[in-house]
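The values are calculated or read from the model by the stated rules, or taken from the named source; none is laboratory data. Because the structure is a prediction, the values reported are computed rather than measured. Glycine gets a Cβ as well: all are built from the backbone with ideal geometry, and neighbour counts include every protein chain shown.
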Amino acid sequence: MAPWRAAAMASSQLARRAARRLLSSQHRRHCAAPACPWLLGSAPPVLAPSPVAAAAAGDRRGFCSVRRFTGESNAAAAVEEAENGLVAGGDQAIDFPGGKVSFVAEMNFLPESQRDRINCYRVLDDDGRTISGSRFQEVSKELALKMYNEMATLQVMDTIFFEAQRQGRISFYLTSHGEEAINIASAAALTIDDIVLPQYREPGVLLWRGFTLQEFANQCFGNKLDYGKGRQMPIHYGSNRLNYFTVSSPIATQLPHAVGAAYSLKMDKKDACAITYFGDGGTSEGDFHAALNFAAVMEAPVIFFCRNNGWAISTPTSEQFRSDGAVIRGQAYGMRSIRVDGNDALAVYSAVHTAREMAIKEGRPILVEALTYRVGHHSTSDDSTKYRPVDEIEHWRTARDPISRYRKWVQGNGWWCDEDESELRNNVRQELLKAIQVAERMPKPPLAELFTDVYDEVPSNLREQERLLRDTIKKHPADYPADVHI
Amino acid sequence: MAAKSLREIRRAAAAGIGSRRCFSGDAAAAAAAAAGVAEGKVGGGAGKEVNLFTAINQALHIALDTDPRSYVFGEDVGFGGVFRCTTGLADRFGRNRVFNTPLCEQGIAGFAVGLAAMGNRAIAEIQFADYIFPAFDQIVNEAAKFRYRSGNEFNCGGLTIRSPYGAVGHGGHYHSQSPEAFFCHVPGLKVIIPRSPREAKGLLLASIRDPNPVVFFEPKWLYRLAVEEVPEEDYMLPLSEAEVIRKGSDITLIGWGAQLAVLEEACEDAAKDGISCELIDLRTLIPWDKETVEASVSKTGKLLVSHEAPITGGFGAEIAASITERCFQRLEAPVARVCGLDTPFPLVYETFYMPTKNKVLDAIKATVNY
């Protein structure tokens, strides 16, 4: 969301709250019987955001030690209650199957949102300097440079593939412009054993894991070297070798999958977690609710990584939800959560690194909301200037660019210079143009692959259909493309 | 809701609704068992008489016992399930392998896909087939297409979704449905429906071990009412293979699930009128056994399909069209379909709705006399 828009919203919210306080005050002073009973008594309680603890090095008690609300009484709780003037079984509390709850004489409705939005973890300021007092996971020069290289590579790859689509060489493309830090920094904080379940705007994670530019090109062209055998639209990448589940178009379906995958890792006692990525729009799907609730109840080691880039195609977040983004929902499900500056590579890296440690060591899910902005169009099928101002796009593309910010930090450490930059971008560009040429000339997968993998083996009805199709092709070859080997 | 239904089912059973009987003709059962033994399909040991839910329970015990990577989960499965199919599993195999989930069908199916994609056997329960629709997107767009869309880089072949299915006498709209046709239009899925305890155990074990996602529907009317000898040991029955459970020469009858019992009664009554019926249990609806059905219709020259689900868009239409296409010159009468009506499943009109024995018998006579 644009900073001026946020400021405007904040000031209007403050105005509304001030008005509410005035009304409340007036009623209290002048009316013996206030007309609005819900304004009686003190101001409603403000929920303080739970601080994200540093990585807990606790021992595992029992199967796993997860703090959760429970109806069980124990001696310590009884002592604490006595000290606080509450007596178990007395009329000051109710011992409810969902847990012990204290009574209160005043009527209080929780407000729909807190006075202040949940704050956002940040390490690098807009000028690429580490903010004094910020604590973050140290990054070696080697790792820092690899991160920068991959962020720039992703940007160049996106630019060239987008252009290739405009030239009609591939049917569809979707860029990650503005979200390069989210892609690369989160990937850098994981190990290859962690299972990745992407949405679609996270090819950088696959790039980080070693997917080559040629492999990306093969999928976009749907040629015979594509692991997906040309069956899905461009950018629906997948790699078993790299533990990156194949992308599918239905939104948020991968979230409950991630819980099942994480549960499997836990049962196998693997030193690994699942991580699943989704956009702000994906939080509105029912599968989001299913996944977060299952993850909490199952105590699954999964990271839910939300890329809140402000838009779901043409729909701004104000038409997506009225909560304080995605981060606030973690507590509702009993989950630890954090909000991160998604354009700050070091903040993303540190948050995911810590989240991963907690998820694995404590057997629990973690929700990360990365605030960012979708600089590019939603996809090559979208012209985003139809629904958002150009100057807003330009602001995020220039002043808030994650690559520029991170580059300043890397250069500030004396690890990078303009010559390195030119060389890198030229090399990537050349390698990519070559990869595209190779991919474009490669034949499509053979016709037989149209029928394989529907099941483990080709059933008799499909064998019959293949036979019939081949007869038709033999009679009418002109009806079919020449680059598919029959 | 579920608990009430369970009590009502018990009350219905006590009241004697339906009748206690072996759900395969004795002669046919003996022949089938002998054939099974000869083909190595059914264990050689003699079985004990058990009902359908016990047979399902046995299959689940065997599945969890023989594969340490198998899991059973769903709503209320922890204490044994609302139809008792998961009795004793949690105690024996642990709460990490047999567990309740939150009340959310899309979550159950999605979780199961992820678990199976990691190489596990995910045996998910949907409490009533009527509530499988919240999981439709996960089953159709995800489970069914998982292997294909990834070029076989990934698959969730270890997934089996089992669910109570079909009429039960008083289930009304949401405890009586037969949704199999919705899933038969989805390449990548297998849809299995057993007719009896012995069939259920063998088919369920085959489904669980099949390397493809399977939807397994259990005719809940039979959970307690269908009783027969079931081998106690581990055995599997083949998927995508129909079974001729009664040989005949005048007309071929096809059904699945509890409807087989209705068809069998109709066969017996037809025999009294001199009509010889061949009865086939389709067992697997997708991919289905066209060859067995075709061979039968080539012999008899007539076909009747019957199912509880509504007639329009029901799976009987696929069978009728395919057989007409393949056996056109042999057919002596139009293919008959005796099915549920095109209405939501009604409570007080259930007996009018159902494709009853006499509806089937009338259709048999009309077809034979065409």
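Candidates are the residues of the stretch B:171-181 that are in contact with a helix residue (DSSP H, G or I) (Cβ under 6 Å, 6 or more places away or on another chain) and part of a loop (DSSP other than H, G, I, E, B); the one that is farthest from the other protein chains (Cβ to nearest Cβ) is B:His175. crowded, with 20+ Cβ neighbours inside 10 Å, hydrophobic (A, V, I, L, M, F, W, C), in a loop (DSSP other than H, G, I, E, B) and touching a Leu at 6+ places or on another chain (Cβ under 8 Å) - does that describe any residue in the stretch A:257-276? Yes; the residues of the stretch A:257-276 include at least one that is crowded, with 20+ Cβ neighbours inside 10 Å, hydrophobic (A, V, I, L, M, F, W, C), in a loop (DSSP other than H, G, I, E, B) and touching a Leu at 6+ places or on another chain (Cβ under 8 Å). Exactly one residue among B:Arg162, B:Arg147 is away from every other protein chain (no Cβ under 11 Å), on the phi < 0 side of the Ramachandran plot, touching a residue at least 40 places away in the same chain (Cβ under 8 Å) and surrounded by 22 or more Cβ atoms within 10 Å (Cβ to Cβ), and that residue is B:Arg162.
Screening the stretch B:66-139 for strands (runs of 3 or more DSSP E) wholly inside it with 1 or more residues that are surrounded by fewer than 24 Cβ atoms within 10 Å (Cβ to Cβ) and at pLDDT 95 or above returns the ranges B:70-74, B:98-100. Screening the candidates B:Arg224, B:Arg162 for the property of being among the basic types (Lys, Arg), part of a helix (DSSP H, G or I) and in the same structural domain as B:Arg121 (by the TED database) yields one hit, B:Arg224.
Looking only at residues that are more than 9 Å from chain B (Cβ to nearest Cβ) and in a loop (DSSP other than H, G, I, E, B) in the stretch A:445-456, which one is farthest from B:Asn141 (Cα to Cα)? Applying the filter and picking the extreme gives A:Pro446. Would you confirm, using the coordinates I've provided, whether B:Phe328 is of a type in the set (Phe, Trp, Tyr) and within 29 Å of B:Pro164 (Cβ to Cβ)? No: the conditions fail for B:Phe328. Every listed requirement among (1) over 24 Å from A:Leu213 (Cα atoms); (2) surrounded by 20 or more Cβ atoms within 10 Å (Cβ to Cβ) is met by A:Arg388 save one, (2).
Scanning the stretch A:286-301 for residues that are assigned to a helix (DSSP H, G or I) and either of a type in the set (A, V, I, L, M, F, W, C) or not assigned by the TED database to the domain that holds A:Ile195 (or both) gives A:Phe288, A:Ala290, A:Ala291, A:Leu292, A:Phe294, A:Ala295, A:Ala296, A:Val297, A:Met298.
Looking only at residues in the stretch B:248-271 that are in contact with a helix residue (DSSP H, G or I) (Cβ under 8 Å, 6 or more places away or on another chain) and charged (D, E, K, R), the one that is farthest from B:Ser176 (Cα to Cα) is B:Asp250. If you go through the stretch A:227-251 and pick out every residue that is in contact with a strand residue (DSSP E or B) (Cβ under 6 Å, 6 or more places away or on another chain) and more than 7 Å from chain B (Cβ to nearest Cβ), you end up with 3. Contact annotation: residue pairs with Cβ atoms under 9 Å, 6 or more positions apart or on different chains, pairing a residue in the stretch A:280-303 that is acidic (Asp, Glu) with a partner that is surrounded by fewer than 22 Cβ atoms within 10 Å (Cβ to Cβ) and in a helix (DSSP H, G or I), are A:Asp280/A:Thr317; A:Asp287/B:Asp137; A:Glu299/A:Glu362.
Here B:Ile254 meets each of (1) over 23 Å from B:Gly301 (Cβ atoms); (2) under 15 Å from the mean Cα position of the chain (by Cα) with one exception, condition (1). Which one of A:Val302, A:Val297 is within 14 Å of another protein chain (Cβ to nearest Cβ), hydrophobic (A, V, I, L, M, F, W, C) and surrounded by fewer than 22 Cβ atoms within 10 Å (Cβ to Cβ)? Being within 14 Å of another protein chain (Cβ to nearest Cβ), hydrophobic (A, V, I, L, M, F, W, C) and surrounded by fewer than 22 Cβ atoms within 10 Å (Cβ to Cβ) holds for just one of A:Val302, A:Val297, which is A:Val297. One residue stands out in the stretch A:253-285 among those that are among the small types (Gly, Ala, Ser) and facing chain B (nearest Cβ under 9 Å): the one that is farthest from B:Gly158 (Cα to Cα), namely A:Ala274. The residue that is nearest to A:Ser264 (Cα to Cα), among those in the stretch B:123-144 that are among the charged types (D, E, K, R) and within 11 Å of chain A (Cβ to nearest Cβ), is B:Glu142.
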